1. Exactly one of (1) over 30 Å from B:GLU207 (Cβ atoms); (2) surrounded by 14 or more Cβ atoms within 10 Å (Cβ to Cβ); (3) within 11 Å of another protein chain (Cβ to nearest Cβ) is unmet by A:LEU68. Its number?
2. Would you be able to say whether some residue in the stretch A:29-36 is within 14 Å of chain B (Cβ to nearest Cβ), among the small types (Gly, Ala, Ser) and surrounded by fewer than 17 Cβ atoms within 10 Å (Cβ to Cβ)?
3. Looking only at the stretch B:174-220, filter to residues that are within 14 Å of another protein chain (Cβ to nearest Cβ) and β-branched (Val, Ile, Thr); which one of those is farthest from the chain's Cα centre (by Cα)?
4. Just one of (1) of a type in the set (A, V, I, L, M); (2) at pLDDT below 85; (3) touching a Ser or Thr at 6+ places or on another chain (Cβ under 9 Å) trips up B:LEU192, so point out which.
Amino acid sequence: MQEVDPALIKGLTIGLGAIGPAIGVGLIGASAVGAIGRNPEIQGKILANAFIMVGLVDAVFAFVLLILFTTS
Amino acid sequence: MLQTYFGEATAPLAPPTLFIFGPLPVTNSMVYGVLMAAIVLSIFVIAARASQLWPKSRLAFWLESFTDLVMSMIIDTFGGDRRRAVKHFPLLISLFVFILACNLSGLLPGVGSITYNGASLFRAWTTDLNSTLAMATLALLTVHIYALSEIGARGYFKHFFSGSLKSPLTIFIGINELIGEVLRLVTLSLRLFGVIYGGEALLVAIEILAGNFSWAAALPIMFLEIFVAFVQAYLFMMLTASYLVMAVSHGEPESSPEMQPAAARS
């Protein structure tokens, strides 16, 4: 078994782990902007819900960072 | 073989024990958690003492406005039911304020650098999985005890196994729901821990990578961390509130006859 450069593994971990949350945050942002465009009077409520969802999706990327920085 | 670059610099996952107090090993996160709890409690007690109908104290005014804001958010979550919102308000706002203070306390200078017996004396309370698990256990125990007291043991059982017990589908869905309850505990604790701990590890990593320019490179990450601290505290409170709402609202449509036609039509 050939030795793999740990930097490569770390880069792949952070890169592959960022794809899913990035798509998720993008979808949330797109939906929130679309919803504000349709009815701007409830902008505050929509943004509050969007931030909750961003927090939920962000946690996935936090797990990636957690694994990345704590593996030895 | 995976070697870490920052393993030496970041705090270890398990908090080191500082000293033994009776039968209890006291870790650095416990010390800082108790300290933050005392600070938050004393600020609120001072504000409550100074509170009056025409507030002259600026601190009391700001904290009253803040409490009112959180109150309106919780009433919205409970669907305008003010009585139930007021009943659960103390737990929810304590969770929010305490988690927010602990998240932000990890960013203060001197938190990782002041050492005692070779270990850092302070460590943010929420960067320790034990403490977030304890808070999630507290929140979910409250949810279940409240559900038991509100809808009774039978309604609580019906909440998981709704439908006839002879059908295997009911059993399957019920077991899935039970697993979901355990997963709630895991996600609620791991989310808070992972985000805050990962954020602090990211801060250390960025500072090491930037070298001499760490003061500039760490600044945007610091703002991200402040934002994340608010979002996570808000999320913990809101998830607890929505679990409280969900725990008792599930059994209601079957019992109330006026809801039946609307459900059948849709």
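The values are calculated or read from the model by the stated rules, or taken from the named source; none is laboratory data. Note that this is a predicted model, so its numbers are computed, not measured. Please note: Cβ atoms are built from the backbone with ideal geometry, for glycine as well, and neighbour counts cover all protein chains shown.
1. With respect to (1) over 30 Å from B:GLU207 (Cβ atoms); (2) surrounded by 14 or more Cβ atoms within 10 Å (Cβ to Cβ); (3) within 11 Å of another protein chain (Cβ to nearest Cβ), A:LEU68 is out only on (1).
2. Looking through the stretch A:29-36, none of the residues is within 14 Å of chain B (Cβ to nearest Cβ), among the small types (Gly, Ala, Ser) and surrounded by fewer than 17 Cβ atoms within 10 Å (Cβ to Cβ).
3. B:ILE208
4. (2)
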